[in-house]
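Here the structure comes first, spelled out in structure tokens, and everything after it is commentary.
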Amino acid sequence: MRILAILAVPLLLPAQETTLPLSLRKSLEIALAPEGSTKVEIAQEAIVQAEARKNQARAALLPHVDGSISYQSMTRNLRAFGIDFPTIPGFHFSTFAGPFTIFDARANATQSLLDLSSIKRYQAAKSAREASKLDRDQTKHLVTDQVARAYLAALRAEAHLASAKANVELAEALLKLADSQRKAGTGTGIEVTRAAVQLANEKGRLTVAENERNRAHLQLLRAMDLKLETKLELTDKLEYSVPQPVSMEQATELALKDRADYKAQRQREQTARLSYQATSWERLPSAAAFADYGAIGGAVNDSRATRSVGISVRIPIFDGGRREARRAESGSQLRVEEIHTRDLRQQLELELRLAFDSLRSAETQVQSAEEALQLAQKELEQAERRYKAGVANSLEITDAQTRLTRARETRVNALFAHNLAKLDLGSALGVVERYLP
């Protein structure tokens, strides 16, 4: 809360428009704050609900105590209870009794002594609570992944915008060069026009890049659940860094250990297994102790204390097949969870293999893009020298300028693909934070 409050201070100043400096780590702190993400808040409420269901299941194993007070005035037809007086000549005995009063104040208590089905239900509820906590961890993992991807996309948009500005500056410089060559008599008007067309094209690409940058910022703000009118200043840059090497076998072992979604699925499978056992054990006898104590009489001042204490044993015999139907249903739910667990493990291995392939491909792309950029810059420098020397026309410069523009875009895309591949690997391993740029 304190972190979010500090970060939100600039947003609360209406007098002036402020800019929020934002690094990737800082964006994650904002998104993962207690009230920073709607998804995390909902996941936290799911834990509260699971805790309440656990307490409900535990109630079957704890004492139940209640009390009652009643005061009644009643009449009774004794004949309805099978009481009939003999007929005596000259006498008439009425079978109608009352009205009479009864006062009864009583406390009742019951305690389960042996109920294996309720014990398993309580264990299943505790397991479900743990699964909810792991689901919360998985939600945080997904929010981290979503914000990190949005931040990387914003960095790519920023890099494209910077490249577009550099291309405009280069086009302006080449236009001045073409105009000076024309004035010196070594150039032609068509070359000036050609350079002006190239400048117009680069300005159009700059407008597109600015629009893409604004879209990326809005998507990042939405991922962080911040106000969309917030102005951002990204402090990180797209960079190349080699991740810590890890083999496929080590990665699989780490993912099975660290991935919250896999651990949550295993916990849900355990919950289904305990629920199945609880339903199966409904066929076993259960025992409970009971007691009540109170005062009963015709009036409050005429009441006498009475009590009853005992043990009851419940033996299920036949309930029309309801228990077997519930057992079949819970058995099917268990098999479904087992299928989900196997499927998630296969998905986990697939994500790891794809992440490794993407990372290897991205490393090659970065190396190729860096080499291509250096060659494109050299080509442009050589074309400028040839043009100034009058041994070439402006077409060479235009072609070299176009290839430099493409090389810059390719380098940005390669760096983005490399950082995204690292993020994919971290996400597949369940430890996104370790692979953030």
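What to note about this one:
- Residues considered: A200, A216. Of these, the only one that is surrounded by 16 or more Cβ atoms within 10 Å (Cβ to Cβ) and modelled with pLDDT of 90 or more is A216.
- T188 of a type in the set (V, I, T), closer than 30 Å to V40 by Cβ and at pLDDT below 95: no
- Residue tally, condition surrounded by 14 or more Cβ atoms within 10 Å (Cβ to Cβ) and aromatic (F, W, Y), over region 313-368: 1
- Close Cβ contacts (under 7 Å, 6 or more residues apart or on different chains) running from residues in region 34-54 that are hydroxyl-bearing (S, T, Y) to residues that are in a helix (DSSP H, G or I) comprise S37/A31; S37/V143.
- Residue match in region 148-160 (condition: under 30 Å from L206 (Cα atoms), of a type outside the set (D, E, K, R), free of Cβ contacts under 8 Å to residues at least 40 places away in the same chain and part of a helix (DSSP H, G or I)): no
- Condition check for A392: surrounded by 13 or more Cβ atoms within 10 Å (Cβ to Cβ) and not in a helix (DSSP H, G or I): yes
- Scanning region 143-174 for residues that are buried (at least 19 other Cβ atoms within 10 Å of the Cβ), of a type in the set (A, V, I, L, M, F, W, C) and either within 29 Å of the chain's Cα centre (by Cα) or farther than 30 Å from L232 by Cα (or both) turns up V143, V147, A148, A150, L152, A153, A154, L155, A157, L174.
- Selection status of A200, touching a residue at least 40 places away in the same chain (Cβ under 8 Å) and either in contact with a His (Cβ under 8 Å, 6 or more places away or on another chain) or in a helix (DSSP H, G or I) (or both): no
- Residue in region 283-294 that is over 30 Å from D145 (Cα atoms), among the polar types (S, T, N, Q) and out of contact with any helix residue (DSSP H, G or I) (no Cβ under 8 Å at 6 or more places or on another chain) present: no
- So E324, is it within 30 Å of R121 (Cβ to Cβ) and either over 29 Å from the mean Cα position of the chain (by Cα) or polar (S, T, N, Q) (or both): yes
- Residue count for region 98-133, restricted to those that are buried (at least 17 other Cβ atoms within 10 Å of the Cβ) and assigned to a helix (DSSP H, G or I): 17
- Look at region 355-373: where a residue is more than 12 Å from H418 (Cα to Cα) and a partner is assigned to a helix (DSSP H, G or I) and not basic (K, R), sitting 6+ places away or on another chain with Cβ atoms under 6 Å, you get A372/A407; L373/A407.
- Just one of the listed residues (L404, L420, L425) is of a type in the set (A, V, I, L, M, F, W, C), in contact with a helix residue (DSSP H, G or I) (Cβ under 7 Å, 6 or more places away or on another chain), assigned to a helix (DSSP H, G or I) and closer than 16 Å to A166 by Cβ, and it is L404.
- Unmet requirement for S94, which otherwise passes all of (1) assigned to a strand (DSSP E or B); (2) over 30 Å from V309 (Cβ atoms): (1)
For (1) among the hydroxyl-bearing types (S, T, Y); (2) in a loop (DSSP other than H, G, I, E, B), each residue gets a yes or a no:
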residue	(1), (2)
L218	no, no
E233	no, no
P243	no, yes
A255	no, no
Y262	yes, no
Q265	no, no
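- Cβ pairs under 8 Å, 6+ apart, first in region 294-319 and free of Cβ contacts under 8 Å to residues at least 40 places away in the same chain, second assigned to a loop (DSSP other than H, G, I, E, B) and not acidic (D, E): V313/P285; R314/P285; I315/P285; P316/L284; P316/P285
- Applying the criterion of being assigned to a helix (DSSP H, G or I) and exposed (fewer than 13 other Cβ atoms within 10 Å of the Cβ) to the residues of region 177-189, the residue that is farthest from the chain's Cα centre (by Cα) is K183.
The values are calculated or read from the model by the stated rules, or taken from the named source; none is laboratory data. Just so it is clear, the structure is predicted and the values come from calculations on it, not from any experiment. All Cβ positions, glycine included, derive from the backbone under ideal geometry; neighbour counts span all protein chains shown.
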